[in-house]
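Report on the following structure.
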Amino acid sequence: MRGAYVLWRRQLIRYVRSRWRMIGTLGQPILFLVALGFGFGPIYAKAGGGDFIQFLAPGIIAMTVLFTAVFSGMETIWDRQIGFLKETLVAPVSRFEIMLGKTLGGATISIVQGAIVFLVTLVVGYRPESWIMLPLAFLFMFLIGMMFTAFGVAIACNMEDMQAFPIILNFMIMPLFFLSGALYPLEGLPKTLTIISSFNPLSYGVDGLRQTLTGISYFGFGLDFVVVVFVSLVFFILGSYMFSRVQV
């Protein structure tokens, strides 16, 4: 598994060196957290929901992990254009190890971004229900990161246009995000949206993260964990298959 480790380390080094990428990725979650948290907070409280920041913070953390992970797939297209992917594929390393290294690297980076946003939520007033559950929260961040890094790589394997990649991913990811319960409770939704949300794998990742951080759960912790692990494996297998067919 040395090849997977080398690729994992390369992605981390590239991430640390790109300081502006680290800073720029924080813009959207902070905007959502402040604008929605304080903007809709009074309405949420009047409706009997309590502190909206407490509900919203896990969803914003999940959003950060989601977008950081899925856009890690763009590096596959970049590596193909600069010729690094060709050098990697001719190395005495299996494509499975390469895929594993890319997926673990993207998941690790997404956890780091999620942890930074978690610290930001503490600044604006969010407090976890139990600090003891924090390791499980990071486990859910990691699983969400694995799931959507593998998904992003699978999409990138079928594309060569870097400019088209974010357009296609936004078309696919934004509905998953807005129908995941990250920004609003799933209770009381119209039946159609409830059914759609129940088939959305991100819903279970958000719900599991919210359960570990705030004690609030819609599906139940056990179901959240099983679904997220299963879909992560499915996406990883799909991504590995797509990556094994990449031509450079």
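The values are calculated or read from the model by the stated rules, or taken from the named source; none is laboratory data. Treat the numbers as computed from the prediction; the structure is a model and nothing was measured. For neighbour counting, all protein chains shown are included, and Cβ atoms are generated from backbone atoms with ideal geometry for every residue, glycine included.
Data overview
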item: Residue within the stretch 74-82 that is outside any helix (DSSP H, G or I) and modelled with pLDDT under 80 present; result: no
item: All positions within the stretch 23-71 that are of a type in the set (Phe, Trp, Tyr), part of a helix (DSSP H, G or I) and over 20 Å from Ala137 (Cβ atoms); result: Phe38, Tyr44, Phe71
item: Hey, Arg80 over 27 Å from Ile30 (Cα atoms), in contact with a Leu (Cβ under 8 Å, 6 or more places away or on another chain) and surrounded by fewer than 22 Cβ atoms within 10 Å (Cβ to Cβ) or not; result: no
item: One residue from Gly215, Gly181, Gly239 being touching a Lys or Arg at 6+ places or on another chain (Cβ under 9 Å) and either under 22 Å from Ile53 (Cβ atoms) or aliphatic (A, V, I, L, M) (or both); result: Gly181
item: Enumeration of residues in the stretch 90-132 that are farther than 14 Å from Ile60 by Cβ and surrounded by fewer than 16 Cβ atoms within 10 Å (Cβ to Cβ); result: Val90, Ala91, Pro92, Ser94, Phe96, Arg127, Glu129, Ser130, Trp131, Ile132
item: Inter-residue pairs, beta-carbon under 8 Å, first without any contact (Cβ under 8 Å) to a residue 60 or more places away in the chain and in the stretch 178-195, second among the basic types (Lys, Arg) and assigned to a loop (DSSP other than H, G, I, E, B), 6+ apart; result: none
item: Helices (runs of 4 or more DSSP H) within the stretch 171-248 that include 3 or more residues modelled with pLDDT of 90 or more and under 30 Å from Ile132 (Cα atoms); result: 201-214, 221-244
